[in-house]
1. Listed residues B:144, B:111, B:119; which is crowded, with 16+ Cβ neighbours inside 10 Å and modelled with pLDDT under 95?
2. Taking region B:123-140 only, how many residues are farther than 20 Å from residue B:95 by Cα, crowded, with 19+ Cβ neighbours inside 10 Å and out of contact with any strand residue (DSSP E or B) (no Cβ under 8 Å at 6 or more places or on another chain)?
3. So which residues in region B:337-366 are touching a strand residue (DSSP E or B) at 6+ places or on another chain (Cβ under 9 Å), under 21 Å from residue B:421 (Cβ atoms) and free of Cβ contacts under 8 Å to residues at least 60 places away in the same chain, if there are any at all?
4. For region A:226-255, which positions are part of a helix (DSSP H, G or I), touching a residue at least 24 places away in the same chain (Cβ under 8 Å) and crowded, with 18+ Cβ neighbours inside 10 Å?
5. Select, from A:188, A:225, A:234, the only residue that is farther than 15 Å from residue A:94 by Cβ and away from every other protein chain (no Cβ under 14 Å).
6. Taking region B:596-631 as the search range and keeping residues that are within 25 Å of residue A:48 (Cβ to Cβ) and not in a loop (DSSP other than H, G, I, E, B), which one is nearest to the other protein chains (Cβ to nearest Cβ)?
7. Please note which strands (runs of 3 or more DSSP E) are completely contained in region A:1-56 and include at least 2 residues that are free of Cβ contacts under 8 Å to residues at least 12 places away in the same chain, more than 11 Å from chain B (Cβ to nearest Cβ) and on the phi < 0 side of the Ramachandran plot.
8. Looking at B:108, B:166 in this structure, which one is closer than 22 Å to residue B:67 by Cα, touching a strand residue (DSSP E or B) at 6+ places or on another chain (Cβ under 9 Å), without any contact (Cβ under 8 Å) to a residue 40 or more places away in the chain and not assigned by TED's automatic domain parsing to the domain that holds residue B:622?
């Protein structure tokens, strides 16, 4: 087993002409796609992997410098595609991993035939004329909790702060899964996510994008998907599902799976 | 040091006697210590060790010790990674199966996790003299397997089998009858059969039960789940029971348990304690059944549907089944009226040593008194879900039976609360060894804080030599096993537990408390995706486990709370963090999953020797898509646990 395969718990399932890569969001692992995979394996080859830093990976492989920005994760994705000898794939990314896919597609647009983004956002922190959903004060509480977990963990005490402690329900919704990692990695990942701002590069994207989100996702307001649609350099299409929550593929599979299958199977009409 | 006057030394005892002495020692750690004394003791210990549970990672199987050749009872079900197909990961599995045989040539009793039939195809031929086998599988049976193929693989090679236990083995009920019928000689010599399936909620249909028992006329022990609800196909009727008794007249142990009884949910009875449907069992047929089983010593009829006016049949039990020592009845009514304090009904079974009464709607304090007078040998008594009894009745019973009772369990009886219950235990306080009570605090004033809301329950069981008790100044000097059921409130709509905790730190007053079973699997909530207003499992974990580091626990079995939507029972950050603080823990078994990052927290515990994730609930998560702990992660964790850098004090 190659190092890339082993480190990312890489799996290739199913058979078919086209290849789909499923990328989970931070704090979860590839099991978040468990409801979707059975619907895909008959018609597609499905690639599943765990992001470095996910609770299921070896924490020793987490390079804090490499993963200080989302580019580090994009490099991992490209390494996986190269390891598998993929020449073209459909990329389905959840949450921050959707942005990782976008970054990868800017450097290697030939590898991606389309990108399906679920609950994605280019920037979480509000800005002048931009509503990302989070205010600095909300995030301060999160970083305080993560910081105290980190200190406790380093000193041999019990890190006990969890997402459910947060006052802001948006932060709760988004960060609940972030506490599933080792405290030092969790803190680093949280900083990376909330410092990232992908707005400037959206116009460099040339791969068609399917933007999918829940109508009620406290972490990703619906205006964000509209922003993405307006600013992506490639053609894009938005679908807002009646589900709620940031992990709709787990919490409402009946709603989400048909939508995902539709966007995977069919392309944006250019007519 | 005083010099003894005699010259004889322990080693002067003749070998034959030493061998007998050694073979009486059962505790594993003691045996391990004995084998370190000198070479002679080492050889003696190895030659008298009859029972062995293999732990370790299956890929290290080539390191298997070959000194345990005397082992007759071998347990392979706990090899790591738990629940994986035993030899599938090897290029030459047959070689390893033969190696197992070489290392353990004398095995006659085997326990093994059978993830798929290949395990049995490889192992069954290695021990053709096998007498007893217990198969375990919590994962689902592959639907593509032909019926009975696993049993056929077993019966084909192990023709001397006399005891089969599939109580924790998930298969279809249709798998067993054809296999049993295909090997009539084996079936005829089968004496113990345990098909009381905990690993799924199916019961055997009536025709399946009869097919099996017809082929096994020499059964002495039969435990089976079945269907007593007459609305279902294959329900147990009068004819079934009669035929069963006539098929297997030599039965000394019979358990017939309705499949719904094993689902671990507290019964949903109407206000009077009766189920909506009656069982189709008439009492006259019961009389005939008892008459047909004269050798009966242990009987469990957990019917879950009303059997009314059962007293005539129960009175006959005494004369028809004179050897009966242990009886459990579920949903039987009219078992003892206790009018005028004269023993009637079940109280006439004066040979009973163990009695368990579940959901008997008309059991009263008078009944309890009659039972205590009529069954003077009772050492174990259980009463569950009986709404009409009160503390007065229990007190009478414990008083009359104060010289014999050592094991009492009282649960779900709504007129009883903890304070009054503990007072009823007064007469047996210094002889009781095992006790279970529900911690229901209503109508009692108490100093323990109220816990807040969720719709769930926890069950806290522990082994304990209790030194002191806050309710009475006398001590519980013989109490070894204490089991508590704690309801964590019942108002819904509350999202978080209150900022207190379950109060585990109060258990720190029992310094010799060393083993605990903490079962939180009754709490249902949401792990990763908590909709607003619904319980978030990581908050609950923190609530349950807070304070656990104050106890001197050696061994902990922990069942995490469940996210039923995604069939996940897992450790989250608070659990991993709090468990890692238990500085004296040697053994930790988590009945669920956990990811690698959290498992690594546990390496902080300096004394930790043995950890395993056991998903022994049905259905066990099927594959990597559902489990956080992948095989590689398991290997890394176990390597780290064993690494020589860790200095283990003892």
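1. Just a single option satisfies the conditions, and that option is B:119.
2. 1
3. B:354, B:355, B:356, B:357, B:358, B:363 - these are the residues of region B:337-366 that are touching a strand residue (DSSP E or B) at 6+ places or on another chain (Cβ under 9 Å), under 21 Å from residue B:421 (Cβ atoms) and free of Cβ contacts under 8 Å to residues at least 60 places away in the same chain.
4. Selection gives A:227, A:228, A:248, A:249, A:250, A:253.
5. Working: A:188 fails: away from every other protein chain (no Cβ under 14 Å); A:225 fails: farther than 15 Å from residue A:94 by Cβ.
Result of the check over A:188, A:225, A:234: A:234.
6. Here the answer is B:597.
7. Values: elements: A:11-13, A:18-23, A:44-49.
In region A:1-56, no matching strands (runs of 3 or more DSSP E) lie anywhere.
8. Numbers: B:166 fails: closer than 22 Å to residue B:67 by Cα.
Result of the check over B:108, B:166: B:108.
The values are calculated or read from the model by the stated rules, or taken from the named source; none is laboratory data. What you are looking at is a predicted structure, and each value in this text was computed from that prediction instead of being measured. Positions of Cβ are generated from backbone atoms using ideal geometry, with glycine treated the same way; all protein chains shown enter the neighbour counts.
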